[in-house]
């Protein structure tokens, strides 16, 4: 092993402080960052000659760990969290020439250039810190844009990833987001993993390099940063903090968020309350494990249970006789999208109108401004599902051609993600009006999936654990050493009197335990790459130049989409979404007389003649489908070079040259 | 040309009113404002010179621009500083202020339940703004009833105007950009578009904004053009040659005519004016039935800042005792209220069964008052008023405050024939209608003969050119009316018949005139005036304004109201008392609409018992909520059992967010 490289050591320090950098929004910290700017030069990564895109001052400040935590503009105050601890030895080893290049999923003798602990889930500033470290290390490949702010004033960051040589090119793009529900956190780490994986392997994997040369990624790690931070720092359970934090009068009493659940036992989670009522209850305790409650069905003449469940921990904060009826927020940003949106009384959480919340609106505006986005993935938890629309039965069916694309990707996903099932939202799960991926497909014509990450079947893949709480408790006791369950403890409740409080912690049930996280990230990230690889790639072939009478030539061309996703989905064609593809032929000394698509490969005289006043351009609203090459013929007169170009909003333009005699 | 000049004028005449005191009391003042004549002159047409091209009469001047509007609003506030408040609730896409004017009658408390009035969701509908201003003035100037001098005659005393207790929040012009475009004589599509606009390429040809409709002949008007074309699918109606209709294929007819907006084919794609800049319509920008994937709809509801600001205004007003709304729009639910379908999970247009009686009663009274009868409801997709009712639960009516009238063509033809006989005897009873070859426009005749279409000769008289000359023999239904005629065609025929019957309304349908189109060759320009269906005739404006006041009065009368019924304290002995409070819903409409009950958007009412400190609550809750008061007597009863000293006073109060608040006391016996 070589001696530690001082530059690498400094770089790692830089990354270690990057999380705190995300907190640098105070004027003082900005002044400090500027002051420290000149010191940053030596910290640049030596292998690249290009300049860092992050402000040098920011890097320097970050490296010395001088910056303050994020201050939200409004809403709850984010707390400071420790910066991600990067392994100095690993970074040193990243400079080690003896190691094998990249980190493609093979473990032996591989060490990534940037180590990120994949056995943890990160609050927002740490999460952004990791992303920023990647951006600092690969400034020409990876950069961030703030597209808006949340209700609580937190940044909505979209990270863009593509090969530097493609920076100014029109590429098809994939949008990936996660964490629209504040408690459904692990999608953010899966997105981080995806970025990390691509950047680690871009120099060693031809396939990664090719992908990044032809596809751009837009990554939004957290749609709901307020909800995420509230889930991490507030008392919650696995299902709470789903909403954003805009106050809402959930119980219609004129007060807002005045009666949330309360962490009565102070364990950091919102667990359950139970009360002993001998002979009057609906539950009894499991004799073999009194932590577990067994329901007792009421039957006349049969003894009743001795316990009742009282729900989430909480008191009657507003003294209206009800508990926990108006907690933080109380809406659902995955019911707020325009296509097939329904009002709140039909679809809980929809809000007063589509895109009401600033987070959703910022995203919609970004996606609308990027018509090159041809693939969408949104991460949620949990249940192990690969979901597609429609979200509601009245919508009807998606067009067959698009369904075939969905099916091909979805079924591949089932093979890549154990215990995940490919499902239609309304038919196999439940009805959703105004879902995000419904809008991106039904409104924008983009092939879109939602993954419900994490299936609890992975706790016991061969079904040796019993179902339900018995298995959960065994897993907790044996593989978590009891850390996931707060034992029942007595509590004197102001309304119910003596009760007991206890139950599972918030990070049990909907997120994997730490030791299973990396696999979850990897499989989901690689499913995204499978999807991204399916984005259209058009090939043009000059088939022939045929002389015709009268100094006229027939130029035959074949256009072929090599990938699974069409350049225009059938939905886009049906609804006139976006622009049609265009095939054009130009040449300085040519005149195009007529053109059109051929309908018979053997009979060139069968042609649908263009009605376009400019026959040099053929529009194709139906786009190009996988493995269905289309042939075109142009009738031209003149001489010399010519150029043929195919362009579509969701495909990189492709050009070929030819020459007339 | 867009002329602006500062003048000191009486605004009421500017607005085309008969008398300032009659219609806009208090507005007969001098203002420094700017008059903005439209390209179609607002003054009365001059007599045409002999041999000159016939002049079409101009529409009446009902337009006021943004500066004038602001001046009017500010003046109103200045005159009633204690009862009128003006504020901005946002800015339009073009940066113009979106005004919110709050007015209340003399008897209305500042926090009284309020009605929202929204006008000019389509800024071209300038008359709606005038209605809104008229209603504002009516509320502010509503006078107390005269007291009878004779005490014995007290039963004959006038009823106090409900406007005196009315609190009205007015959006006089929800689409100021549209209004300014109209006033500047520009096409609708010339309005400002949002930055980074999504809808810049309406024809999806990859080129940014091309050209929309334009004024080709320089007459200051963008109307229609019709021409013979290889893809033509229409033909000129024999009975009403001003209109094109679908051919009767079963009779061997085929179409050769097209009608397009006055425009050019700039990009040579055989489409005319198909890619204007702004196509998103504010009126289609709201969630219910949002017509996704149409140009008017935009990429999402609330895409236009005007739409979003308006919805946010309503959400804010909901916290301020808003109970109902009146929306002036092209969609109408007032004249013929219908019941919503109960099928499916998604709400449909119409009133829920529980609210329909309220709507029908107001509709009935309105028709009695105004003589305005049933008419088409219009397009309900993406409408603001539906959002207010279906999704926010507010009692909402939408009123098309002007509709082009219709007449029976046969009756009008008979009248015309009578007039003709009386005038000059040129048209004898039973004279045969002039038939197709003579009536067919010149362009068609030329094409039919195999030559290129040529412009028709300029008619010597506009009336001759635009009205079919018929005798009494044509009293039978015209052929065009029975076959190949759509309901829309029939409606237009009847509207033309009404126009023909009026002395000053010919401007609404521009005489077709020959024009040499730079791309198409000979065409005809003319047809429906862009304002034909928007601006009421000058003679009718008073009637419409009066109808609006009657409607508002009726709306005010139907405001929800909750009152105390009985409040009793029954002694049970040993210091135990049973308190009982009855609440009664005494308004014409339940204080929670059926729509609000469904949408769960309205806060329930709250009833609070204030007990003496030395009393003990034994049964019941000191704070109780009540929702819609159902049952035959529309009341609810609330009980408490307390232990208290005799002679103690119990204070009870209730509050609702839209039907008032009150308190009462009872002393324990």
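Listed values, structure above:
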{"item": "Considering residues of the stretch B:612-633 that are surrounded by 18 or more Cβ atoms within 10 Å (Cβ to Cβ) and part of a loop (DSSP other than H, G, I, E, B) only, the residue nearest to the other protein chains (Cβ to nearest Cβ)", "result": "B:628"}
{"item": "Given (1) touching a residue at least 40 places away in the same chain (Cβ under 8 Å); (2) in contact with a strand residue (DSSP E or B) (Cβ under 9 Å, 6 or more places away or on another chain); (3) in a loop (DSSP other than H, G, I, E, B), index of the condition residue A:303 fails", "result": "(1)"}
{"item": "Residue, farthest from the other protein chains (Cβ to nearest Cβ), within the stretch B:300-328, restricted to residues that are assigned to a loop (DSSP other than H, G, I, E, B) and modelled with pLDDT of 95 or more", "result": "B:304"}
{"item": "Residue A:507 surrounded by fewer than 21 Cβ atoms within 10 Å (Cβ to Cβ) and either at negative phi or within 19 Å of the chain's Cα centre (by Cα) (or both)", "result": "no"}
{"item": "Wholly within the stretch A:594-661, strands (runs of 3 or more DSSP E) carrying at least 2 residues that are away from chain B (no Cβ under 14 Å) and at pLDDT 95 or above", "result": "A:630-638, A:640-648, A:651-660"}
{"item": "Residues (out of contact with any strand residue (DSSP E or B) (no Cβ under 9 Å at 6 or more places or on another chain), crowded, with 17+ Cβ neighbours inside 10 Å and outside any loop (DSSP other than H, G, I, E, B)) located in the stretch B:246-292", "result": "B:282, B:283, B:284"}
{"item": "Test for residue B:388: is it part of a helix (DSSP H, G or I), within 22 Å of residue A:346 (Cα to Cα) and within 14 Å of another protein chain (Cβ to nearest Cβ)", "result": "yes"}
{"item": "Any chance residue A:602 is under 30 Å from residue A:200 (Cβ atoms) and either under 41 Å from the mean Cα position of the chain (by Cα) or surrounded by fewer than 20 Cβ atoms within 10 Å (Cβ to Cβ) (or both)", "result": "no"}
{"item": "Per-region count, the stretch A:395-439, residues assigned to a helix (DSSP H, G or I) and either away from chain B (no Cβ under 14 Å) or at pLDDT below 95 (or both)", "result": "22"}
{"item": "Subset of the stretch A:253-289 (residues that are within 14 Å of chain B (Cβ to nearest Cβ), part of a loop (DSSP other than H, G, I, E, B) and within 34 Å of the chain's Cα centre (by Cα))", "result": "A:256, A:258"}
{"item": "Sole exception among (1) farther than 30 Å from residue B:166 by Cα; (2) assigned to a loop (DSSP other than H, G, I, E, B); (3) in contact (Cβ under 8 Å) with a residue 24 or more places away in the chain; (4) touching a strand residue (DSSP E or B) at 6+ places or on another chain (Cβ under 9 Å) for residue B:589, by number", "result": "(1)"}
{"item": "Residue within the stretch B:278-294 that is within 14 Å of chain A (Cβ to nearest Cβ), touching a helix residue (DSSP H, G or I) at 6+ places or on another chain (Cβ under 9 Å) and under 30 Å from residue B:516 (Cα atoms) present", "result": "yes"}
{"item": "Within the stretch B:634-656, tally of residues that are within 15 Å of residue B:585 (Cβ to Cβ) and away from chain A (no Cβ under 14 Å)", "result": "5"}
{"item": "All positions within the stretch B:321-369 that are more than 20 Å from residue B:551 (Cα to Cα), surrounded by 16 or more Cβ atoms within 10 Å (Cβ to Cβ) and in contact with a strand residue (DSSP E or B) (Cβ under 8 Å, 6 or more places away or on another chain)", "result": "B:321, B:340, B:352"}
{"item": "From B:568, B:601, residue being within 14 Å of another protein chain (Cβ to nearest Cβ) and touching a residue at least 40 places away in the same chain (Cβ under 8 Å)", "result": "B:601"}
{"item": "Qualifying residue in the stretch A:355-372 (condition: touching a helix residue (DSSP H, G or I) at 6+ places or on another chain (Cβ under 7 Å), within 14 Å of chain B (Cβ to nearest Cβ) and part of a loop (DSSP other than H, G, I, E, B))", "result": "yes"}
{"item": "Test result for residue B:207, within 11 Å of chain A (Cβ to nearest Cβ) and either in contact with a strand residue (DSSP E or B) (Cβ under 6 Å, 6 or more places away or on another chain) or surrounded by fewer than 18 Cβ atoms within 10 Å (Cβ to Cβ) (or both)", "result": "yes"}
{"item": "Any hit, the stretch A:325-342, residues being more than 14 Å from chain B (Cβ to nearest Cβ) and closer than 25 Å to residue A:484 by Cβ", "result": "yes"}
{"item": "Selection count, the stretch B:173-189, where residues are surrounded by 21 or more Cβ atoms within 10 Å (Cβ to Cβ) and more than 19 Å from the chain's Cα centre (by Cα)", "result": "2"}
{"item": "The stretch A:115-159, residues that are without any contact (Cβ under 8 Å) to a residue 40 or more places away in the chain and either over 24 Å from residue A:507 (Cβ atoms) or buried (at least 18 other Cβ atoms within 10 Å of the Cβ) (or both)", "result": "A:115, A:144, A:145, A:146"}
{"item": "Any hit, the stretch B:350-372, residues being part of a loop (DSSP other than H, G, I, E, B), over 17 Å from the mean Cα position of the chain (by Cα) and within 14 Å of another protein chain (Cβ to nearest Cβ)", "result": "yes"}
{"item": "Yes/no for residue A:563 being part of a helix (DSSP H, G or I) and over 20 Å from the mean Cα position of the chain (by Cα)", "result": "no"}
{"item": "Residues of the stretch A:343-354 that turn out to be within 19 Å of residue A:150 (Cα to Cα) and more than 8 Å from chain B (Cβ to nearest Cβ), as a count", "result": "3"}
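Let's see how each residue does on (1) touching a strand residue (DSSP E or B) at 6+ places or on another chain (Cβ under 8 Å); (2) part of a loop (DSSP other than H, G, I, E, B); (3) within 23 Å of residue A:451 (Cα to Cα):
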{"residue": "A:503", "(1), (2), (3)": "yes, no, no"}
{"residue": "A:508", "(1), (2), (3)": "yes, yes, yes"}
{"residue": "A:530", "(1), (2), (3)": "no, no, yes"}
{"residue": "A:541", "(1), (2), (3)": "yes, no, no"}
{"residue": "A:568", "(1), (2), (3)": "yes, yes, no"}
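The values are calculated or read from the model by the stated rules, or taken from the named source; none is laboratory data. Being a predicted model, the structure only gives us computed values, none of them experimental. No Cβ is skipped: glycine too gets one built from the backbone with ideal geometry, and neighbour counts run over all protein chains shown.
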